[in-house]
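Notes follow once the structure below has been shown.
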Amino acid sequence: MLKPKCGFIGIGAYGGNQILPFHRAKYPSLFINTATTDLESLTEVEEEYKYQIPGGEGCNKDRKKSRELFRKDIDNIINEIKEKLPGIEYLFIAASLGGGTGAGDVMPSKRVAMNELEIKACIIITVLPDPKIESVQALINSYETLAEIEALEEPGTTFILDNSKNNNKMKINEIFFCHLDALLTLDCNSALGNIDDAEVEQMLRSRGCSIISKLGKDKSDLQNLLSTFHNNVYAPLEEDKVIKYIGLTNVGAGKGIRMEDIYAEVGTPLDTYVQYESAFTLCVLSGLSLPYKKMEEIKDIIDSNKDTIKRNLTAQNSNRLSKSIGFFDEITSSEKPTEKKKSSRDLLF
């Protein structure tokens, strides 16, 4: 069981909501934000596990502002992590792609954590905004932040959820918690074969992104499993069939799910880890490509709005009203002007 080795950090409003179920389940957790109101909304969380980055009251989707605040306070943030999450080997950082505080801090947080904490990997949990309802700024942030995550060389997979998959965002968070918690608490003693901690760690350390599927005992068959690879709360799978590891826990002897059928659907991995006689079916696809097709769709939306955004911004920089229409000019021109004595304030201008 890997749970005792894992700690969670939630950065920003989304990050706080995402790791709340893990906090309830007694995983070591720390909630970080620039906004007091977001931290205060986490009424279930004890004050000692909340940390406000000083100098700002929210970042209003401004990634640069967030990163500068993070940079100035980095020593205190690292000390908080060491104090509240002692002895962990795997750090999970939850932050939104489209927001301000989380989007600005998630990349440097992973890089700093790997450099300054004695951990084996840093795993990112993030979420794509729904293009139908989110602002263009949120879409721009998501594209830029994911590009930064892609460039990271430090070990640790990325779980990318998708807010367009369910109207209830909290439901998405709960489903993901159910999936990841099942993986981190995996414990089975089958004579037929087991997935051990080292194999789970290998999947978590892999770069690229990962998804987890879980089926109850009564729905554990091949067709239901293959369906979960596409009908889920994660960003869509790429069609390139790039994959590094597959982990599969089987109900019973696993006769109903053949690994070659999974290969045909998602690609042939470098290695597979299989467990039998489990209480449920759990399948981990690790080392997948990032959701490039989805990100290209987001980029197209951004590009299609460029002219509108430019017009709206430049419109506020021009003066379209006349400074004077001269209505009273003829009336007042015959009057002898009275010289006003200048006050001490007038002399300042």
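The values are calculated or read from the model by the stated rules, or taken from the named source; none is laboratory data. Computed from a predicted model, the values in this text were never measured in an experiment. We place every Cβ from the backbone using ideal geometry, glycine too, and count neighbours over all the protein chains shown. To get the accessible areas, we keep the full protein, side chains included, count just its heavy atoms, and leave off ligands, DNA and RNA. Shrake-Rupley method; radii C 1.70, N 1.55, O 1.52, S 1.80 Å.
At a glance:
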quantity	calculated
Added length on full extension, which subtracts the Cα-Cα distance from 0.36 nm per residue, Leu192 to Asp271	26.6 nm
Solvent-accessible heavy-atom area per residue, rounded to whole Å², over the stretch 218-291 at 1.4 Å	44
Cut-off 14 Å between beta-carbons: net charge of the residues surrounding Lys72, Lys and Arg +1, Asp and Glu -1	0
Cleavage-rule hits, GluC sites (Glu not before Pro), the stretch 203-286, DSSP coil, Cβ neighbours within 10 Å at most 16	Glu239
Exposure rank, largest accessible area first [Ser41, Ser227; 1.4 Å]	Ser41, Ser227
Helical contribution to [θ] at 222 nm, DSSP H n ≥ 4, -39,500 (n - 2.57), averaged over the chain, rounded to 500	-12000 deg cm²/dmol
Value of relative contact order over the chain, rounded to a whole percent, pairs C-alpha under 8 Å and six or more apart	14
In the stretch 130-206, the trypsin sites (Lys or Arg not before Pro) that fall in loop regions by DSSP, at most 10 other Cβ within 10 Å	Lys132
Theoretical FRET efficiency, 1/(1+(r/R0)^6), r = Cβ-Cβ of Asn231 and Ala279, R0 30 Å, to 0.05	0.85
For the stretch 45-118 versus the stretch 129-193, the gap between their alpha-carbon centres in whole angstrom	18
Environment charge of Ser278, counting only residues whose C-beta is closer than 13 Å and scoring Lys/Arg +1, Asp/Glu -1	0
Accessible area of Arg207 in the full protein assembly, 1.4 Å probe (Å², nearest 10)	120
Virtual paramagnetic centre 7 Å along Cα→Cβ of Asn76, amide N under 14 Å, in the stretch 34-57	34-36, 50-57
Close Lys-Lys pairs in the stretch 1-155, where close means Cα under 14 Å and separation is 8 or more or interchain	10
Accessible area of Leu85 in the full protein assembly, 1.4 Å probe (Å², nearest 10)	10
For the stretch 33-43, 3J(HN,Hα) per residue [Karplus equation, 6.51 cos²θ - 1.76 cosθ + 1.60, θ = phi - 60°, Hz, x = Gly/Pro]	7, 8, 9, 4, 4, 5, 5, 5, 5, 8, 5
For Phe8, residues with placed amide H under 5 Å, excluding near neighbours	Ser29, Leu30, Phe92
Interchain or long-range residues, amide H under 5 Å from Arg207's placed H	Gly156
Trypsin sites (Lys or Arg not before Pro) lying in DSSP loop within the stretch 245-304, provided at most 14 other Cβ fall within 10 Å	Lys255, Arg258
Candidate residues Glu68, Glu80: accessible-area rank, largest first, probe 1.4 Å	Glu68, Glu80
